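First comes the structure, then the notes that go with it.
The values are calculated or read from the model by the stated rules, or taken from the named source; none is laboratory data. Since the structure is predicted, the reported quantities are computational estimates derived from the model, not experimental observations. Every residue, glycine among them, receives a Cβ derived from its backbone with ideal geometry; neighbour counts consider all protein chains shown. With ligands, DNA and RNA removed, areas are computed over all heavy atoms of the protein, side chains included. Shrake-Rupley method; radii C 1.70, N 1.55, O 1.52, S 1.80 Å.
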Amino acid sequence: MFLISDLCHMLDSYLEEDQVKEVYRAYVFGADAHEGQLRRSGEPYIYHPLAVARILAELRMDYKTLMAAILHDVIEDTATAKEQLINEFDEEVADLVDGVSKLTQITFESRAEAQAENFRKLILAMVQDIRVILIKLADRLHNMRTIGNLQPEKQRRIAKETLDIYVPIASRLGMNNIKIELEDLGFKAVHPMRYEVLQASLLKARGNRKEIIHKIITAIDERIFQEGLHGRVSGREKLLYSIYQKMRKKNLSFAEVFDVYAVRISVETVDMCYRTLGVLHNLYKPLPGKFKDYIAIPKTNGYQSLHTVLFGPHGIPIEVQVRTNDMNKVAEAGIAAHWMYKNTNDAISHENSQTNEWLRELLEIQKSSGNSIEFLESVKVDLFPDVVYVFTPAGEIMELQRGSTPVDFAYAVHTDIGNTCIAAKIDRQLVPLRTQMQMGQTVEIITANSAKPNPAWLNFVITGKARTHIRHFLKNLQRGEAIVLGKRLLDRNLTPYRLSTDTLNPENIDRVLETLRLKNIDDLLSEIGLGNRMPLIVARQLAEPSIARNKNNRKKSQKAAALKNMLYRYAPSWLGGEKTSTPLAITGTEGIIVNYARCCRPIPGDPVIGYFSAGKGIVVHVDTCTNVRDVKKHPENWLELRWEKEPQREFPVEIRLEVTNQRGVLATVASAISEMSANIENVSLDDRDGRITDLIFVINVKDRKHLAKIMRRVRRVDEVSKIYRQKA
Ligand code: MN
């Protein structure tokens, strides 16, 4: 049992006598206030704040922090008011206690909401005094150490919150010791089974390991001693959580993670760090590309060290960290080292005061910006440099890569949500799907059952998950559509032979598949649909042997087939003939396998032709489009098309208007267009000479008739002097 006498004994080593007395006085006050209260374990309540103070004393925090730590639950859990603390102690201590209470006090409707709101409050709390966070972290650490006394459900919730919120904060503050312990305890509570299994493997593996690590340490120790460098060499145990993380992230086995040995060397000066490194690289061969100099360029949380990886005996990889004793303090205690130094006056050299600098900057921003919004922004960016935390409408926190969009978010929530998402709201406002989400926003995804991923999303999603799923979906979709189109194209080309894909001789199919090195008929159809194989040629290959079988008819049939083929290819439409010789009909619902050229924007009613674009399928152009003039010279590349009678969708078309500059003309024209029930997809302006302006609209129409009606209506607007359809 850790008692107040033990704490005072600890404090004697680094605090003034009257400061220790003040801490004791706080204890007496706290013990009195909590009198009669018990923890779930059955011990008197005061043991908890005492244990919190101990954690902070180990970090050598100042005496006011320790007083506040001992008192941290009195406002929250007893009848004590803040004013009493001001009277009894002082404003500083009272503010600290108040700050910690405010973090704890907040109660909410739902747990999800509580988690989200706590997160914001935590960061806000830093605005007043960073020591509030340190006390809260110590409080959380002790609660995690004693979490076994709670219900399993509550354990999991608290542990998850710890991993989601407190661990990243401890990490940003450089408080590595607290961070790794929180991680380990959190892991144990969230995944007790996995923890147990890993622990068992760890205990088993440790035996063999001892000898090897001892050998390595001795070898290094002897060598640096020979070189006149005095340092402390120690082996580093990997914690379960970091082993678990590595196994998951890098998909490694336990042995693969565990077989990496880790050594730390502490020396006195910076100069000795580099000399030690030189000695090490002489002793064992360094792994190329693994050396990192965090002394010259410290991490943002103030961490400094030299990192390298060596090939040890028998090729065992050894991870080595070399740093000074002072750097070691910062590496373990992070921002708390700042107070350590203030209290003991044993100067931590200034080169490793990066964290202090960060803190000073924070305080400066806080002072200069009266309200905390700007401050909050910079803190958030600083705390989580590579991630953005956003909230689901239920208040659940989602962690995504910085720069993620609502589509990334949707896929992070669930693949089905990603695949069917059509729109997004950020903080209740509709936004384009390509919008980059900012820290703390609430994101809502609107879905529709019939919706499908849009290939354009690939231009802006940044998470691997979203990218993979969109690609996968499109590939399946494209294949499905390609097969349908391929079948239609092939059937049409088989008609002259009086054949169809359904009546083909299976032997012929197999033979053709074999020569083309394709697995099955679907592969063949998809190849045709994608424009990788010409249907005309495939049809001939499929038909010929069946003609050959009937030798008598062979020549005759071939001739007939060739003639029909020619007729179909070059016959004017009035010739009629068989129905199937008419051009391929398009409906507009073929999906991504049929594309409409953006240069001429064909709409139903336009004479159109299509050409094969390998791997993409058919691109539809207006017959007169200048971009297909060359293609037309090579008849094997293009395809006569016609429109299905009633296409099931609308098509974009571009119209250009010349208007005299009158205020409000844009609105008048736009309303005329929508009066004719056409959607405006885009509008741009082209100022000619200040008097005349060109308006360029992209509108969605059903067909040419629809477009003609719209143009007639728009022409009636007085300010419109000219209107025409824009075609390449
Ligand atoms: Mn507490």
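Taking residues in segment 79-103 that are in the same structural domain as Y24 (by TED's automatic domain parsing), and partners anywhere that are polar (S, T, N, Q) and within 16 Å of the ligand (Cβ to nearest atom), the pairs with Cβ atoms closer than 8 Å and at least 6 places apart or on different chains are L96/T65; L103/N118.
Of I603, I609, which residue is modelled with pLDDT of 85 or more, more than 24 Å from N679 (Cβ to Cβ), open to solvent by less than 50 Å² (accessible area, probe 1.4 Å) and among the aliphatic types (A, V, I, L, M)? Steps first, please.
On the way: I603 fails: more than 24 Å from N679 (Cβ to Cβ).
Only one candidate qualifies: I609.
When only residues in segment 192-237 that are outside any helix (DSSP H, G or I) and modelled with pLDDT of 90 or more count, which is most open to solvent (accessible area, probe 1.4 Å)? Talk me through it step by step, then tell me what you get.
Going residue by residue through segment 192-237, those that are outside any helix (DSSP H, G or I) are 227-237.
The next check asks that each one be modelled with pLDDT of 90 or more; those that pass are 232-233.
Numbers: R232: 140, V233: 24 Å².
The qualifying residue most open to solvent (accessible area, probe 1.4 Å) is R232.
A residue that is open to solvent by 40 Å² or more (accessible area, probe 1.4 Å), over 24 Å from P607 (Cα atoms) and assigned to a helix (DSSP H, G or I) cannot be found anywhere in segment 683-690.
Can you tell me which residue is nearest to the ligand (Cβ to nearest atom) among those in segment 25-78 that are among the aromatic types (F, W, Y) and within 18 Å of C8 (Cβ to Cβ)? Here the answer is Y47. Of all residues in segment 34-61, those being under 39 Å from the mean Cα position of the chain (by Cα) and part of a loop (DSSP other than H, G, I, E, B) number 3.
Is there a residue in segment 262-274 that is open to solvent by 20 Å² or more (accessible area, probe 1.4 Å) and among the small types (G, A, S)?
Taking segment 262-274 first, the residues open to solvent by 20 Å² or more (accessible area, probe 1.4 Å) are 264, 268-272, 274.
The next check asks that each one be among the small types (G, A, S); those that pass are none.
No.
Checking every residue in segment 420-443 against the condition of being of a type in the set (K, R) and closer than 18 Å to N476 by Cβ gives zero matches.
Taking every residue in segment 140-166 that is within 19 Å of V390 (Cα to Cα) and pairing it with any residue that is modelled with pLDDT of 90 or more and acidic (D, E), at least 6 positions away or on another chain, the pairs with Cβ-Cβ distances below 7 Å are L163/E183.
Applying the set (1) within 16 Å of the ligand (Cβ to nearest atom); (2) within 19 Å of A69 (Cβ to Cβ) to N149 leaves exactly one unmet item: (2).
When segment 434-463 is filtered for residues that are open to solvent by less than 40 Å² (accessible area, probe 1.4 Å), modelled with pLDDT under 90 and within 20 Å of F391 (Cβ to Cβ), the ones remaining, listed by number, are M439, G440, Q441, T463. The residue that is farthest from the chain's Cα centre (by Cα), among those in segment 3-26 that are within 26 Å of I147 (Cα to Cα) and open to solvent by 40 Å² or more (accessible area, probe 1.4 Å), is S5. Taking the numbered list (1) within 14 Å of the ligand (Cβ to nearest atom); (2) under 46 Å from the mean Cα position of the chain (by Cα); (3) at pLDDT 90 or above in turn, Q105 passes all entries but (3).
Sort out which residues of segment 485-508 are surrounded by fewer than 16 Cβ atoms within 10 Å (Cβ to Cβ) and β-branched (V, I, T), and write them in order of number. First the steps, then the outcome.
Taking segment 485-508 first, the residues surrounded by fewer than 16 Cβ atoms within 10 Å (Cβ to Cβ) are 498, 500, 502-503, 505-507.
Selection gives T503 alone.
Total residues in segment 34-50 satisfying the condition of being open to solvent by less than 30 Å² (accessible area, probe 1.4 Å) and either touching a Leu at 6+ places or on another chain (Cβ under 9 Å) or of a type in the set (D, E, K, R) (or both): the figure is 2.
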